[in-house]
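Please treat every number below as a calculation from the coordinates, not as lab data. It should be emphasised that the depicted structure is a prediction, and the values quoted were computed from it without experimental measurement. All Cβ positions, glycine included, derive from the backbone under ideal geometry; neighbour counts span all protein chains shown.
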Amino acid sequence: MPQPHAAALELPTSAITKIEPDKAYYVRLRFNRADDSEITQRSVRLVTEEVANTSKATGRKNLSPPQVSKGGSKIQVSISAMRYEFDSQTAQLTSITSGNRVLVKGAHTSLWRPLSLSEIFLYRRVPPQRPMPPDLDQYKTDVKRWNVSESKGGVRIEAEADHRVDEKNWFTARYVYLIDPDRSLHVEYSITAQAELGWVPEVGMEFEVPAELNRLRWLGLGPLDAYPNEKTATVFGLWSELAGSDGAQGAKAEVRWAELFDAKGTGLHVTGSPFIRLDGGGRKPARLRLLSAVAGRAAKFNPPERPEYRLDVFPGRTFTGRFEIVALK
């Protein structure tokens with residue numbers, strides 16, 4: 001039987017004389033058999049630390065601050081052609097508009113997705129046939145705090161809300177929304193939860209986007225979906241898929257940035273969200289999920305093998321996340 005062997009590969013990296021901000025440096029390797037058929041592909045990231053883009057901070061000094069208008073429970077923040085609308089009764093973003101184009105029709109915090117057969121089996125086996133827990137996204141919101149402040153650095157909205165399904169299933173969230181003079185939206189959140197399930201499948205925010213935004217492009221693991229405990233079949237690189245296609249389905253992991261746009265290039269550019277998922281699409285509105293945490297995949301009726309692959313809920317545990325959105329064009 002042939003014995004495995006090791007070999008060294010020298011990469012011509014001398015051409016990289018300066019690490020630029022907002023750039024990714026990686027090499028993709030393809031391993032072939034003697035007949036040129038492919039065995040596998042792998043990628044190696046040459047730079048793993050981000051470089052701060054100081055030019056953004058310099059450019060903001062000459063920008064006009066966003067403008068705030070209020071009507072009932074709705075707060076609209078406008079900067080140039082961009083409009084962000086929030087609802088003080090839900091503590092959520094309700095829409096993003098660029099000119100006359102609606103880019104986001106609604107948004108909500110999400111800790112839920114449909115459970116797989118393995119996950120249902122694991123929950124119902126002890127005791128057998130117990131009722132399934134409710135969908136954690138079907139909550140009612142009680143806003144505890146809502147504050148809007150304006151400065152030369154932008155508009156800052158701070159909120160705290162209780163999101164409750166029933167006495168056994170609820171979560172409390174703290175939000176910070178910052179609309180920058182450069183037209184970008186920065187979102188931060190921290191969440192503490194109680195769930196009858198004992199864990200949550202995902203943590204993040206879901207955005208309803210129009211059907212016209214039907215092209216997904218991302219820099220991260222692909223083209224297949226990936227989870228904390230299942231990444232070996234994916235390769236780091238730049239990927240593109242049509243909404244509703246098989247390649248666009250599932251969670252995309254280790255995402256550096258993602259874009260969702262239409263045939264003319266109008267759409268959204270997202271950074272800071274390590275996981276994304278685009279559900280639906282095609283001729284119908286889709287749901288873009290920006291996720292800070294995703295539970296590992298349960299397989300063959302067994303839970304994810306390591307504690308760090310699970311999103312267990314217990315007293316004192318807080319889930320946090322942050323991301324940035326800016327319009328394309």
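Whole-Hz ³J(HN,Hα) for each residue in region 26-39, computed from phi via Karplus 6.51 cos²θ - 1.76 cosθ + 1.60 with θ = phi - 60°, x for glycine and proline: what do you get?
7, 10, 9, 10, 10, 10, 10, 7, 4, 8, 6, 6, 7, 8
Arrange the peptides 149-159, 219-229 so that the one whose residues have, on average, the most other Cβ atoms within 10 Å appears first. Walk me through the numbers on the way to the answer.
On the way: 149-159: 16.0, 219-229: 20.1.
Put in order of decreasing packing, that is 219-229, 149-159.
Quick one: which residues, 5+ away or cross-chain, put their amide H under 5 Å from the amide H of L103? H built at 1.01 Å from N.
I96, T97, S98
Mind ranking 297-303, 287-293, 187-193, 27-33 by how tightly packed they are, going by the mean number of other C-beta atoms within 10 angstrom, highest first?
Most protected by this proxy first, the peptides run 287-293, 187-193, 297-303, 27-33.
Nearest 500 deg cm²/dmol is fine: what mean residue ellipticity at 222 nm does the chain get from its DSSP H runs of n ≥ 4 alone, each adding -39,500 (n - 2.57), divided by its residue count?
It comes out at -1000 deg cm²/dmol, rounded to the nearest 500.
Going by amide H atoms built from the backbone, whose H comes under 5 Å of the H on S273, apart from near neighbours?
Correct list: E324.
Under the Karplus relation 6.51 cos²θ - 1.76 cosθ + 1.60, θ = phi - 60°, what is the ordered set of whole-Hz ³J(HN,Hα) values for region 138-150, x standing for Gly and Pro?
Result, rounded to whole Hz: 8, 10, 10, 10, 10, 7, 8, 8, 8, 9, 10, 10, 10.
Just round it to a whole percent: the fraction of Cα-Cα distances in region 186-329 exceeding 25 Å.
The calculated P(r) of region 186-329 puts 28 percent of pairs beyond 25 Å.
By per-residue mean of other Cβ atoms within 10 Å, what is the highest-first order of 8-16, 77-85?
The most tightly packed comes first, giving 77-85, 8-16.
Amide H of L328: which non-local residues (sequence gap of 5 or more, or other chain) have their own amide H closer than 5 Å, using H built in the peptide plane?
G267, L268, H269
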